[in-house]
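The structure appears below as structure tokens.
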Amino acid sequence: MSAATPERAPAPVLAVKHLSKTYPGVQALRDVELRLFAGEVHMLLGENGAGKSTLVKVLAGATAPDAGAELSLADRRVELASPRQVRALGVSVIHQELNLIASLSAAENMSLGRELRGRFGQLQHGATRARARAALRKLGVDFDVDSPVERLSVAQQQLVEIGAALLDECRVLILDEPTSALAQHEVERLGEILKRLKAGGVAILYVTHRFEEVFAFGDRATIFRDGERVHEGLLGETSKAELIRLMVGRDVRDVYPARQAALGETLLEVRGLRSGAGLAGVSFNLRAGEVLGLAGLMGSGRTEVARALFGADPSAEGAVTLRGKPVPLGSVRGAMRAGLVLAPEDRKHEGLVLGLSVASNITLAALGKTRGRFGQIERGAETGAVAALCESLRIKAHSPAQLV
């Protein structure tokens, strides 16, 4: 009898080797590798700044890797030169910030770049809607494809992008933090959709910080740390504690260690906070040395409380005091003068001026401390303050003059 032929391991659908990416002053990726297999959800894990987003941008064709990178799709060498070329190869990327045109319908968004036209170039609206409905049915969902996407929930908008990927008959689907703005029941729906896509042979790369999703949805995991790949393996063979150790580079005994804090006087008092945004009598105290968490599902009012306290909601009413002094509601300037600071939920549109430098953004809310007697900005004072903050907050930029 002849010896049995050993079973050959399946070839990856997408393979990346020797991928590096350098920005001025920052090595974002250093000789990393990645393998994605058909019918698997591959979790990409790592702390902020580990290189996950840079890898996604390279795979999306939005960022060119350094020389020497090797990328192959179904054992064929490819160049990911542009988003259009990436899509043509069967690789679809759904970014954390969805790429949709708010005023267009779900069907129209799904058909962007894939328009159905008649023999004289006219758009075939009926066929476009029918094709969109068929794609959503494959995902096990059904909603009005004629609705403008601005009227859809975030979960439905995400399904519009996944449906568009199905129109491209994608072989690889990349999801970057897909549940960051989803409620729990929507996360569970996404899990069911991932099962359908896996059954269809799609290879899925899933970027997340949420460990409950890692083991609920994932089959395999790759971990990046400081721009390098430090682990790849099946999740069934790896514990949560080991994943955390690999991510941070040390053993973590307590994920949520008990903290002993000496609480001081009451600093902030909120009584009967109401607003047209849905707040109906919120009251709480905050003491010196205390971290107070606001928990709840999306739409429960957490963000609305923060905006009302900071004066960003002109309809807010109630009594708010800081160190015993009243804080004026409906006035951002008044809240800042009282000593309140807001790090907004939407950093891109409300927290930063993207066309200004790191230094200018850092000092934007405190220009009075960097201006001279005639109103001009004193660069020496600005430089010193910014350098100290960049170091303490570990801001990764080649210099404070780099544009955000």
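The values are calculated or read from the model by the stated rules, or taken from the named source; none is laboratory data. Model, not experiment: these values are computed from the prediction. Note: ideal-geometry Cβ built from the backbone for every residue, glycine included; neighbour counts use all protein chains shown.
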Scan the stretch 325-370 residue by residue and report those that are free of Cβ contacts under 8 Å to residues at least 12 places away in the same chain, more than 21 Å from residue 97 (Cα to Cα) and basic (Lys, Arg).
-> 337
Only one of (1) over 21 Å from the mean Cα position of the chain (by Cα); (2) under 18 Å from residue 16 (Cα atoms); (3) not aliphatic (A, V, I, L, M) fails for residue 83. Which number is that?
-> (1)
Go through (1) surrounded by fewer than 20 Cβ atoms within 10 Å (Cβ to Cβ); (2) at negative phi one by one and return the number of the condition residue 121 breaks.
-> (2)
For residue 219, indicate whether it is modelled with pLDDT of 95 or more and more than 18 Å from residue 340 (Cβ to Cβ).
-> yes
The one condition residue 84 fails out of (1) more than 30 Å from residue 250 (Cβ to Cβ); (2) modelled with pLDDT of 90 or more is (2)
State the number of residues belonging to the stretch 54-83 that are closer than 22 Å to residue 114 by Cα, of a type in the set (Gly, Ala, Ser) and either in contact with a His (Cβ under 7 Å, 6 or more places away or on another chain) or surrounded by 18 or more Cβ atoms within 10 Å (Cβ to Cβ) (or both).
-> 2
Look through the stretch 136-155, keep the residues that are free of Cβ contacts under 8 Å to residues at least 40 places away in the same chain and farther than 18 Å from residue 98 by Cα, and return whichever of them is surrounded by the fewest Cβ atoms within 10 Å (Cβ to Cβ).
-> 142
Can you name the condition, by its number, that residue 218 falls short on among (1) in contact (Cβ under 8 Å) with a residue 40 or more places away in the chain; (2) more than 30 Å from residue 107 (Cβ to Cβ); (3) out of contact with any His (no Cβ under 8 Å at 6 or more places or on another chain)?
-> (3)
Return the only residue of 243, 263, 273 being crowded, with 19+ Cβ neighbours inside 10 Å, at pLDDT below 95 and farther than 18 Å from residue 51 by Cα.
-> 273
Search result, residues across the stretch 145-179 that are more than 29 Å from residue 73 (Cα to Cα) and of a type in the set (S, T, N, Q) | 147, 153, 156
Spot the failing condition for residue 290; the list is (1) acidic (Asp, Glu); (2) in the same structural domain as residue 23 (by TED's automatic domain parsing); (3) in a loop (DSSP other than H, G, I, E, B), and only one is missed.
-> (2)
Selected residue (criterion: modelled with the highest pLDDT) from residues of the stretch 344-400 that are acidic (Asp, Glu) and under 30 Å from residue 302 (Cα atoms) | 350
For residue 79, are the conditions met, namely being under 18 Å from residue 208 (Cα atoms) and at pLDDT below 90?
-> no
Taking residue 273 as meeting all but one of (1) in contact (Cβ under 8 Å) with a residue 12 or more places away in the chain; (2) in the same structural domain as residue 339 (by TED's automatic domain parsing); (3) under 25 Å from the mean Cα position of the chain (by Cα), write down the number of the exception.
-> (3)
Does residue 218 count as over 19 Å from residue 37 (Cβ atoms), of a type in the set (Gly, Ala, Ser) and surrounded by 10 or more Cβ atoms within 10 Å (Cβ to Cβ)?
-> no
Looking at the stretch 320-332, is at least one residue modelled with pLDDT of 90 or more, within 30 Å of residue 383 (Cβ to Cβ) and assigned to a helix (DSSP H, G or I)?
-> yes
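Okay, residues lined up against (1) in contact with a helix residue (DSSP H, G or I) (Cβ under 9 Å, 6 or more places away or on another chain); (2) closer than 20 Å to residue 90 by Cβ; (3) touching a residue at least 60 places away in the same chain (Cβ under 8 Å); (4) among the aromatic types (Phe, Trp, Tyr):
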{"site": "157", "(1), (2), (3), (4)": "yes, no, no, no"}
{"site": "160", "(1), (2), (3), (4)": "yes, yes, yes, no"}
{"site": "183", "(1), (2), (3), (4)": "yes, no, yes, no"}
{"site": "193", "(1), (2), (3), (4)": "yes, yes, no, no"}
{"site": "205", "(1), (2), (3), (4)": "yes, yes, yes, no"}
{"site": "208", "(1), (2), (3), (4)": "yes, no, yes, no"}
{"site": "214", "(1), (2), (3), (4)": "yes, no, yes, no"}
{"site": "225", "(1), (2), (3), (4)": "yes, no, yes, no"}
{"site": "235", "(1), (2), (3), (4)": "yes, no, yes, no"}
What is the one condition in (1) buried (at least 21 other Cβ atoms within 10 Å of the Cβ); (2) part of a loop (DSSP other than H, G, I, E, B) that residue 86 does not satisfy?
-> (2)
Could you tell me whether the stretch 131-153 includes any residue that is within 20 Å of the chain's Cα centre (by Cα) and assigned to a helix (DSSP H, G or I)?
-> yes
